[in-house]
Amino acid sequence: MFSTTTNNVEGRPVREYLGIVTGEVIVGANLFRDLFTSITDIVGGRSGKYEDVLARARKEAIAEMEAEATRLGGNAVIGVDLDYEVLGQNGSMLMVSASGTAVVV
């Protein structure tokens, strides 16, 4: 299984379109991570803890999307789009969603 943001796979024509597939992950903020991030924001620099959480959420959303494509009989996902949304009171949660079209190439 592989995914691409393009609408085709060069040299491999799409033989069958199986439909839209998605994966969503919502992660909550951690009190201690927030405290450390506040200090990082004050002194400057990057927030490595949040970057780690964001990377994990993105990978999980893509994996969910690819698993759905596999269940439909696909071997690739084309036209992948990633979206990020802040949810909850005070922006306490982050949602990462991945969507694309499951295909057989």
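We did not get these values from a lab; they are worked out from the coordinates using the rules stated. Just so we're clear, the structure is a prediction, and the values are computed from it rather than from any experiment. Glycine gets a Cβ as well: all are built from the backbone with ideal geometry, and neighbour counts include every protein chain shown.
At 0.36 nm per residue, and after removing the present C-alpha to C-alpha distance, how many nm does the segment from residue 55 to residue 14 gain when stretched out fully? Please list the in-between numbers first.
Numbers: separation 41, 0.36 × 41 = 14.76 nm, distance 2.95 nm.
The span from residue 55 to residue 14 would gain 11.8 nm if fully extended.
Take residue 84 and residue 7, extend 7 Å from each Cα along the Cα→Cβ direction, and tell me the distance between the two endpoints in nm.
Between residue 84 and residue 7, the label points sit 2.7 nm apart.
State, to one decimal in nm, how far the label point of residue 93 lies from the label point of residue 70, with both points 7 Å from Cα in the Cβ direction.
2.6
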